[in-house]
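Some notes on the structure that comes next.
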Amino acid sequence: MTRRLIVVDVLLLALIGLLAWQLRLEWRREISREQALYRYQVKPVPPPPMPALARLAPFEAGAYAGVAQNNLFTIDRNPNVIVDVEPPKPKPQPPFPVARGVMLWEGAPPTIVLSEKSGGAQKGYHPGDAVGEWKVVSIDSTYVVFGWDGKEYQKRIDELLDRAPIEMASAPAPTPVAAAPAKNNAALSTPSTDKHGPGMDVGGGYRQCNAGDDSPPGTVVDGFKKVVSASPFSGSICRWESTK
């Protein structure tokens, strides 16, 4: 029994020695690999050549216009120069004609006696007639409507009345003729003179009375009869009506 134990012990010691020798071999191989790794030198590989940098374009101020345009806090952000154009001046309005009176008779177109300026020659105008730059649009007993530059202006007749002395339009003196007998012997027949007799033709078969004409109403001269009627502006209106 003792001999067997001794054999077993010897075998175990041999096995331990074999393991220890195997471990030593492995340790020496690791040391050899480690030293070989430390001694190994890697040859450096040259780096690839660097590509050439792109050439920069020269500086141009116009290329940076977007910087100013996108800046909300600069007054020159809009490159378009705005030129202030002076608006056209309105056409000056001419002065209104001055009125001497209005004649509204049944069967005859309304007539207004106007002068282009204060103290100027007077003439009778109907709707549609032009007096200077103005055009007579409509006439009634209180208002007259003028047209100018595509617009209409309503004026009271009493606002247009002219108080200046009347300058009569030049016209040849009528030829004196024998007056025709008045109907029903109600009018006197008198010859035409500078003051007595029909004045300037105002249209519609009517003539105005001359300044200083003191012939009585109903007088007939050159086929015209003198008629005087009341007026809301000057107290009375004098006119000569055709008897034909």
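The values are calculated or read from the model by the stated rules, or taken from the named source; none is laboratory data. Source: prediction; values computed, not measured. Cβ: placed from backbone, ideal geometry, glycine included. Neighbour counts: every protein chain shown.
What number of residues within the stretch 117-157 satisfy the criterion of being part of a loop (DSSP other than H, G, I, E, B) and closer than 16 Å to I237 by Cβ?
Initial filter on the stretch 117-157 (part of a loop (DSSP other than H, G, I, E, B)): 117-120, 126-129, 132-133, 140-142, 149-150.
Narrowing further to those that are closer than 16 Å to I237 by Cβ: 140-142.
Looking only at that region, the number is 3.
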Picking from L13, L37, L5, L114, the residue that is surrounded by 10 or more Cβ atoms within 10 Å (Cβ to Cβ) and assigned to a helix (DSSP H, G or I) would be L13
Any idea which of (1) over 30 Å from W148 (Cβ atoms); (2) surrounded by 10 or more Cβ atoms within 10 Å (Cβ to Cβ) is the one P94 doesn't satisfy? (1)
Pairs only if they're at least six apart or on different chains, beta carbon under 7 angstrom, first in the stretch 99-121 and touching a residue at least 24 places away in the same chain (Cβ under 8 Å) and outside the structural domain of C209 (by TED's automatic domain parsing), second surrounded by fewer than 17 Cβ atoms within 10 Å (Cβ to Cβ) and aromatic (F, W, Y); list them, first residue then second. G101/F233
Inspect the stretch 76-85 for any residue being more than 30 Å from R239 (Cα to Cα), at pLDDT below 90 and either in a helix (DSSP H, G or I) or touching a strand residue (DSSP E or B) at 6+ places or on another chain (Cβ under 6 Å) (or both) and give the result as yes or no. no
